[in-house]
Each structure stands twice: as C-alpha cells, then as structure tokens.
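Heads up: the structure comes next, in structure tokens.
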Amino acid sequence: MPEGQPVIFSGGTLIPVSSPPVTDGAVLVEDGRIRSVGPISEVGRENPDAEIHFFPNYVLLPGAVNAHAHLGFRRKDRPEGGTFAGWLSKLIERLPEKESWGAEAARDSAREAVEAGTTYMAESSPYGECLPQLAESGMAGTAFAEFFPHEIGTPEEAVEFIVGKTGELRKGLPERVNASISVHSPYTVDPESSRLAAQRTRELGWKLAIHLSESPEEVEFVRYGTGGLADIFGRNEWGGMGASPVRYASDVELLAPGTIAAHLATGVSEEEIEILARTGVAAAHCPRSNDYLGCGVSPVPRMLERGIRVGMGTDGLWSSPSMNLFEETLFAVDLHGLDGATGLQLATLGGARALGIEDETGSIEPGKWADLVLVETAPGDGDSEREVLEAAAGGAVAVTVVGGNVIYNRLGA
C-alpha cells in the first residue's frame, strides 16, 4: 500500500488478545502502525478516506511471535530422536554437509513460518549465519548469534570476537530486524565465557539467548560432569558443578530480565522456578522438540503462576515437525490443559513479553506495529480462542501482515 495511505483491516471477529474480542472488528493502519481499533462501523465512519479490506468469514488477530527458532534445518534426513545426546551427535556429524543446503533450508523455514502467521521471530544460529534469510523473509525479528569458544581461543578472545561479529551483523539491516548474542548452552560454552558474554550484552543493552536445562544429559553433565554431553564438543571439562543447570546459570550471571532461556524441560523443580522468577529471566517453551528428543515436560503452568514471562518457540525442523507456532501452541495447550485464551496469549503477547518487545507488538493496540494475521474460521460460542488456535494450527492462516505490509496472501485480493 502507498506510504502514509491509511488502510483498514477488518474481520468477522477481531481478537486483540490484550482486550475482549470485537465482532466485525477493524484496525486502522497508517505508516505501519495501528492507529485505532474498534467496530468497523466506527473505525470506517471516522476514517472515510481509508481503504477498507473486510473479511467477514475470518478472524483478525496479532501475528505469532516465535520466541525460539532455528531456521537452518530441513525435514529431510533429520536425525533420529529419542535421546538428546544421540540426536546431537548425529547433528554434529552432518554439519559439514549441511553447509551446502543450510541457506536454502533457512529460506524455506522462514517462508513456512510466514505462511503460518509468524510476524516476529527470535532465531538462533551459529555466528548468526541465518540472519540474511530472516532479514529477507519480511518478518521482524532478532538473530541470536551462537558462539563456541573452543573454536576461537580464550574466554576473553571468544567474547570479544562474538561481540564484534554481532556488531557487524547489526549494520545495514531492515527496520525491525536485529542481531544479538546466544550463549549456546552450559555444555558448549565454558563458565568464564558465559559470564563475560552476559556482562558484555548487558553493558551493550542487548538481549541474550541460551538453551537451558533442556535434557537429562545436560542435567547430568552440569551436576556430575558425566554422560553423553561430557565430550560432545571437545574441551568441555568444566562439568560436575554439583548444581542444576538453572542454579549454575544463575551462579555465572547468565540469568537476568534480558535473558531468554529456551526449553527448561528437565530438572526444573520448585527451587529452579524460584531462581527464574527472582532473576526475571524469560522462558521460550518448545514442547514438540522436547517430546521428540526425550527431554521431559517444562512446568509451564507453574512458571506462569510465578509470573515468569513465557513465550512459545518452534525450535527447528530437525527436532520439530513444523515452523507453525500456532501448531506448537496447540500442542502445549493440550499438554498442559490450558484454555484457548491462554494459548493465544502465549503465541502472541506472551512471546513479545518474553522478548521484551511487548510495547511494539504481540497484541492489537493503538501505537503498536500492525503485525496481524487473518485466519479462516468462524468461531462458535464455546472456547472460541481454541477454535481459532486449531484453525491456525491446521493451515487456515490466509494473510500475514508485518508493520502494515502484506507479506503473505493466499486470497489473491
């Protein structure tokens, strides 16, 4: 649409997430942001010059916010699941040949996410290698550059390298696309490198991502220094801390309000939940990956009760069946016995809160970016939010809008 031209998107039902649904609701969009929200009769009357797109048999809701994903994988030839260490060892074996198809896989994964209604993605990849594909996808998002100190040098050298690398990645990007740092995991990044990276990202005002307490093997490595991850990446002799991964991460200063911890599927007891709540860290829930890799079930209901910010993540296609965040969320809803409203909140505003961008996206409110999806469904009088979630999970997303720009449209109108 022309820059500055006001446009109204309207559906038979509007679900803002942060406020009650609106029948025949409408969103006025101008310069990429939401200017007003309400019934189409009011929004249309107050803005007679706006171009109107009305979809009576569709639901209009915020776009999905994927709080943890890996773009650079594909469905084809994914390693067998069952045990995390076994899967990871096979993944590492295939890294050399992955270089030949990783970029194409990242492009395909991004397209799949867009077509499933994702408008913002927190992507993690080695040294930020999938940032170009995220940037060209039309989604907003952040690529978290994973680094592996054993490939670089001392902790000081490794952290300065990844800070410099990320600084370069951040240059010349599209609006609303950014790069930051990921301390990959407690079993691949040594304690001093982890501590220094956390300190540097906080000094710079950047977010920090980490895989944490993902698997039984990680718990065994951190606590006892043994098991299938004890030598997975070579020189990781720092295991055997006598503590849980969450306690260890707190001790090395990884946990803070700007940290997004993915998975949290194994060994997360009430003690760990208290640490997460006290430090203000956010969680990215990836239940299908956890299930495939035998990693256990994250205590999401209890984390929500304790006020921990929780968003949803798909992980990548070598551990999860799709990049559809609504499908991921429906799995979580059934797993934890949640209602549909909680599910939609986790998929949208919950993810935005986890990533610290709730003032910009995640719900349909004036002032926020116009990140929207249209879902082909007409919910009934029951759990209407669950019906919408089921439809979106089942492929009923018809239009995806990011910052007022339509980046996917299967309606052709």
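The values are calculated or read from the model by the stated rules, or taken from the named source; none is laboratory data. This one's a predicted model, so the numbers in the text were calculated from it and none came from an experiment. Neighbour counts run over all protein chains shown; Cβ positions are idealised from the backbone, glycine included.
May I ask you to list the residues in segment 338-357 that are on the phi < 0 side of the Ramachandran plot, surrounded by fewer than 24 Cβ atoms within 10 Å (Cβ to Cβ) and either touching a strand residue (DSSP E or B) at 6+ places or on another chain (Cβ under 8 Å) or not assigned by TED's automatic domain parsing to the domain that holds Ile260 (or both)?
Within segment 338-357, Leu349, Arg353, Ile357 meet the criteria.
For segment 88-110, indicate whether the set of residues that are crowded, with 24+ Cβ neighbours inside 10 Å and not in a helix (DSSP H, G or I) is non-empty.
Checked segment 88-110: no residue is crowded, with 24+ Cβ neighbours inside 10 Å and not in a helix (DSSP H, G or I).
For segment 153-172, check the following and say yes or no: at least one residue is assigned by TED's automatic domain parsing to the domain that holds Ser244, under 17 Å from the mean Cα position of the chain (by Cα) and under 28 Å from Val114 (Cβ atoms).
The answer is no, given that none of the residues of segment 153-172 is assigned by TED's automatic domain parsing to the domain that holds Ser244, under 17 Å from the mean Cα position of the chain (by Cα) and under 28 Å from Val114 (Cβ atoms).
Given the conditions (1) part of a strand (DSSP E or B); (2) free of Cβ contacts under 8 Å to residues at least 60 places away in the same chain; (3) not β-branched (Val, Ile, Thr), report the number of the one that Gly11 does not fulfil.
Tallying (1) part of a strand (DSSP E or B); (2) free of Cβ contacts under 8 Å to residues at least 60 places away in the same chain; (3) not β-branched (Val, Ile, Thr), Gly11 fails exactly one: (2).
Counting just the residues of segment 14-41 that are assigned to a loop (DSSP other than H, G, I, E, B) and in contact with a helix residue (DSSP H, G or I) (Cβ under 9 Å, 6 or more places away or on another chain), which one comes out farthest from Val399 (Cα to Cα)?
Among residues in segment 14-41 that are assigned to a loop (DSSP other than H, G, I, E, B) and in contact with a helix residue (DSSP H, G or I) (Cβ under 9 Å, 6 or more places away or on another chain), the one farthest from Val399 (Cα to Cα) is Ser18.
Could you grab me the full set of residues in segment 311-345 that are touching a His at 6+ places or on another chain (Cβ under 8 Å) and either in a helix (DSSP H, G or I) or farther than 30 Å from Lys90 by Cβ (or both)?
Residue satisfying the conditions is Ala332 alone.
Inspect segment 46-59 for any residue being of a type in the set (Asp, Glu) and under 22 Å from Met121 (Cα atoms) and give the result as yes or no.
no
Could you please let me know if Glu157 is outside any strand (DSSP E or B), without any contact (Cβ under 8 Å) to a residue 24 or more places away in the chain and surrounded by fewer than 24 Cβ atoms within 10 Å (Cβ to Cβ)?
Answer is yes for this residue.
Count, please, the residues in segment 71-87 that happen to be touching a residue at least 40 places away in the same chain (Cβ under 8 Å), out of contact with any strand residue (DSSP E or B) (no Cβ under 7 Å at 6 or more places or on another chain) and in a loop (DSSP other than H, G, I, E, B).
Total satisfying the criteria: 8.
Just give me the residues in segment 220-247 being touching a residue at least 24 places away in the same chain (Cβ under 8 Å) and either buried (at least 24 other Cβ atoms within 10 Å of the Cβ) or at positive phi (or both), in sequence order.
Passing the criteria: Phe221, Val222, Gly227, Leu229, Gly234, Pro245, Val246.
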